[in-house]
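Reviewing the structure listed below.
Laboratory data are not the source of any read-out in this text; all were calculated from the coordinates shown. Remember, predicted model here, so these are calculated numbers, not experimental data. Every residue, glycine as well, gets a Cβ built from its backbone with ideal geometry; the counts of neighbours run over all protein chains shown.
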Amino acid sequence: MRLDKFLKVSRLIKRRTVANEACDAGRVMVNGNVAKAGTNVKPGDIIEIGFGTKSVKVEVLDVQETVKKEQAEELYRYVQ
């Protein structure tokens, strides 16, 4: 699945266009490398997103095309 779509489906970022812009700005990293919006994401990948001065680091647990709001957090877990 594309990185920008995963960020939207998992609700880490609310809109796909915002996820796309974050990737273009270099604020999203996958497994330690700056990632483009079209980067493929698979279970086990570590995604790090920079939000201003704060960054969020998550591990991908599952990849699904669509999920309900209540199930969105089952797709990833926070890593520190």
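Here is how the number arises for the chain: DSSP H runs of 4 or more residues each give -39500 (n - 2.57), the sum is divided by the residue count, and the result at 222 nm is -5500 deg cm²/dmol. Close amide H contacts of residue 12 (hydrogens built in the peptide plane, cut-off under 5 Å, sequence separation of 5 or more or a different chain): none are found.
For residue 11, the shell of other residues with beta-carbons less than 10 Å away shows a net charge of +2, using +1 for Lys and Arg and -1 for Asp and Glu.
Of all the options 65, 48, 21, the one that moves most in a Gaussian network model of the chain with Cα springs shorter than 10 angstrom is 65. Taking the inverse of the mean 1/r over every pair of distinct Cα atoms in the range 9-80 gives a Kirkwood hydrodynamic radius of 12.4 Å. What is the range 39-80 by shape, rounded, prolate or oblate, if you read a ≥ b ≥ c off the alpha carbon gyration tensor as root eigenvalues and call it rounded for a/c under 1.5, prolate for a/b larger than b/c, and oblate otherwise? Verdict is prolate for the range 39-80.
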